[in-house]
Amino acid sequence: KAIQPHQGRQDIGEVNGEAVSAQDYQTLVDEYTEVIKMTQGASALNDDQLTQVKDQVWQSYINNKLIEAEAEKLGLTVSDAEIQDVIEQGVHPLLLQTPFRNPQTGAFDKDMLKKSQTANQLPAQYVEYYQQMGAFWKFIEKTLKQSLLADKYNSLIAKSLISNPVAAEDAFAARTQQTDVLLAAIPYSSVADSTVTVSNEE
């Protein structure tokens, strides 16, 4: 059960009985704020944007925690190898929202990502930029893992709603197999009362 943020407490809310500290929540808000600033090329967000970020972070936190709890019960996980496979393929929508794209095609370019991760001995003015890019990529990896887990969970739920083969076969037979029935209608007024007997059991 998800509960809205608390007022005037050290923990600002809880999900499935697990408290969310104000510090952890603020860390998530700061992280997402930096991502928005980087993707929009902005130096700061206005009050309305910050309010929207806080709402999005809280809702995302709730959704992810609930899915993680259900996925754990079902034994669903996302491995590092799966994430690397998605990165190698480079077609996941989340990857297309990153700066690591080919300037000509707009497609995700894993080589650009690798270059940003191996950059060292840079002039001072570039160090902060690559630190920001590193933090941005950590956010992308975390979000990608959450997204893949949600996809697995939703796919499993969707499949569970589909009829099993036996039920599907019965439903198909009911639609396709027909039986001819011959009915004869006799008006009840044409039957004399004297010819009808009713037992006590009836």
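The values are calculated or read from the model by the stated rules, or taken from the named source; none is laboratory data. This structure is a prediction, so every number in the text was calculated from the model and none was measured. Counting neighbours? That spans all protein chains shown, and the Cβs are built from the backbone with ideal geometry, glycine included. For the accessible areas, the whole protein counts, side chains as well, though only heavy atoms, and no ligand, DNA or RNA atoms are used. Shrake-Rupley method; radii C 1.70, N 1.55, O 1.52, S 1.80 Å.
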- Note on the structure: Under 5 Å from the placed amide H of ARG101, counting only residues 5+ away or on other chains, we find ASP109
- What is the sum of charges around GLN146, taking Lys and Arg as +1, Asp and Glu as -1, for the other residues whose C-beta is under 12 Å from the C-beta of GLN146? +1
- Task: Set Lys and Arg Cβ to +1 and Asp and Glu Cβ to -1, take the dipole of the range 28-167 about its Cα centre, and tell me which of MET38, GLN132, SER116 lies farthest positive.
- Result: SER116
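Could you rank the peptides 43-50, 78-85 by their average count of other C-beta atoms within 10 Å per residue, with the highest value first?
Values: 43-50: 10.4, 78-85: 12.2.
Packing order, densest peptide first, comes out as 78-85, 43-50.
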- Message: Counting only other residues whose beta carbon sits under 15 Å from that of THR118, what net charge do I get with K and R as +1, D and E as -1?
- Response: +1
- Karplus (6.51, -1.76, 1.60) ³J(HN,Hα), θ = phi - 60°, over the range 61-77, in Hz, Gly and Pro reported as x: 4, 4, 4, 5, 5, 5, 5, 4, 5, 5, 5, 5, 4, 8, x, 7, 9
- Note on the structure: Over 30 Å (Cα to Cα) among LYS110/LYS152; LYS65/LYS138; LYS37/LYS142; LYS65/LYS115; LYS54/LYS159 -> LYS65/LYS115; LYS54/LYS159
- Give me the number: length gained by fully extending ALA22 to GLN52, i.e. 0.36 nm times residue separation minus the C-alpha to C-alpha distance, one decimal in nm. 9.1 nm
- Message: What figure, in Å² to the nearest 10, do you get for the accessible area of TYR129 with a 1.4 Å probe and non-protein molecules left out?
- Response: 100 Å²
- Query: How big is the accessible area of TYR153 in square angstrom, nearest 10, if you roll a 1.4 angstrom probe over the protein chains?
  - Reply: 40 Å²
